[in-house]
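Structure record follows, encoded as structure tokens.
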């Protein structure tokens, strides 16, 4: 087992030499975010790229019309939790990232991230592949939101993200899907999932 | 001026040797899509990555509840028009891409794309940067949709995408913003933009 769990994820996509792995390791710092603490606040610049080792984060913003918390995404083990627009352009973030439970992340600063890519250009490929995956997921979410009704979206969510579904409180899943917690209780009851 | 306009876009982000530029050129084929013709149909696999030289494409899907055409994005000169999830996994697409006016694109097949990245690894960096931009734009759109009211979204769209706004018929902008064409006419009249 490598010291850095991110290395495992990376070696699934690209090859690195032992020397590159050692260099890579030096760039990352582990940080613990206590339950309820913020990794990023709306309006602040996202200073680090964040890889989740373990725990659960929610990315959200406040709906200006009704004051509701709207969930943009969840991040669990082996997910990234970075406002990529804020991080890549070093401009204020549009949303918040907060720990739902105690969470451990690996962090790299903006400056170090670019230094790392200069030292190990092979990583460009890894990040290209990861970004393709996230972009695909987000496009799918936009389409799903309008093509499927709320009940189908709920079951598609359970099917696509079983690990997240088992960790995340039901009221947060409801917020992610844009429905009320009561609505989910109702369809679970109807389909005897409760 | 290079033969391949995509090279200009790439050389803004990364350096390539003259030899690499020649290799790069060989991988791309120009294709004309007539007004109303489809570049991609929902359910088909997206076989090529598509860079728009000139013209206007709309990416859309049909809302199952009301039969409405929902616009996912527009693509004009110097934009990519690819269902990245379908292309990168070679699985059926969730949406359609159709020419609003005659459009010229540069295409590369899935197989050739990976061959190209093997021959010119420096391109990984270019695509990583491009994907960061698209992912940031899409996250911003998801947030904007719920944080801003329809009128603000319309003016933010005009400000962010002046070229698209000047080319795209008003009823398609309305569909992109999730409002009625009448709504846009009304606010333009109110603010004397018409």
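Here, each number is a calculation from the coordinates, and none is a lab measurement. Values in this document were obtained by computation on a predicted structure and should not be read as measured data. Backbone-built Cβ (ideal geometry, glycine too); neighbour counts: all protein chains shown.
Figures for the structure shown
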read-out: Cα-based Rg and Dmax for chain B, where Dmax is the largest Cα-Cα distance (Å); value: 18.0, 57
read-out: Two-site label geometry, residue A:111 and residue A:44: point separation in nm, points 7 Å out along Cα→Cβ; value: 1.9
read-out: Other-copy label distances relative to residue B:78, 7 angstrom Cα-Cβ extension, nm; value: 4.0
read-out: Rel. contact order, % - alpha carbon contacts under 8 angstrom, at least six apart, chain B; value: 24
read-out: Choice from B:157, B:24, B:183 showing the highest fluctuation, given a GNM over chain B with Cα pairs closer than 10 Å; value: B:183
read-out: Three-way shape label, the protein assembly as shown, alpha-carbon gyration tensor, a/c 1.5; value: oblate
read-out: Most fluctuating residue given options A:133, A:36, A:178, as computed from a GNM of chain A linking Cα atoms under 10 Å; value: A:133
read-out: Helix-only CD estimate at 222 nm, as mean residue ellipticity for chain B, using -39500 (n - 2.57) per DSSP H run (n ≥ 4); value: -14000 deg cm²/dmol
read-out: Label spacing, shortest first and in nm, from residue A:137 to its equivalents in the remaining copies (7 angstrom along Cα→Cβ); value: 2.1
read-out: Crossing angle, helix A:150-160 versus chain A [Cα axis fit, 0-90 degrees, rounded to tens]; value: 30
read-out: Spin-label pair residue A:149/residue A:34, simplified geometry with 7 Å Cα→Cβ offset, distance in nm; value: 4.6
read-out: Angle in degrees between helix A:181-190 and the longest Cα principal axis of chain A, rounded to the nearest 10; value: 70
read-out: Nearest-first distances (nm) between copies at residue B:18, label 7 Å from Cα via Cβ; value: 4.3
read-out: Cβ-derived FRET efficiency at R0 25 Å, residue A:66 paired with residue A:171, nearest 0.05; value: 0.95
read-out: Nearest 10 degrees, 0 to 90: helix B:123-147 Cα axis against chain B principal axis; value: 10
read-out: Cα gyration tensor shape for the stretch A:89-171, rounded if a/c is under 1.5, else prolate or oblate; value: prolate
read-out: FRET E, pair residue A:12, residue B:23, Förster distance 45 Å, beta-carbon r, rounded to 0.05; value: 0.95
read-out: Among A:94, A:11, A:177: highest mean-square fluctuation, GNM of chain A, C-alpha pairs under 10 Å; value: A:11
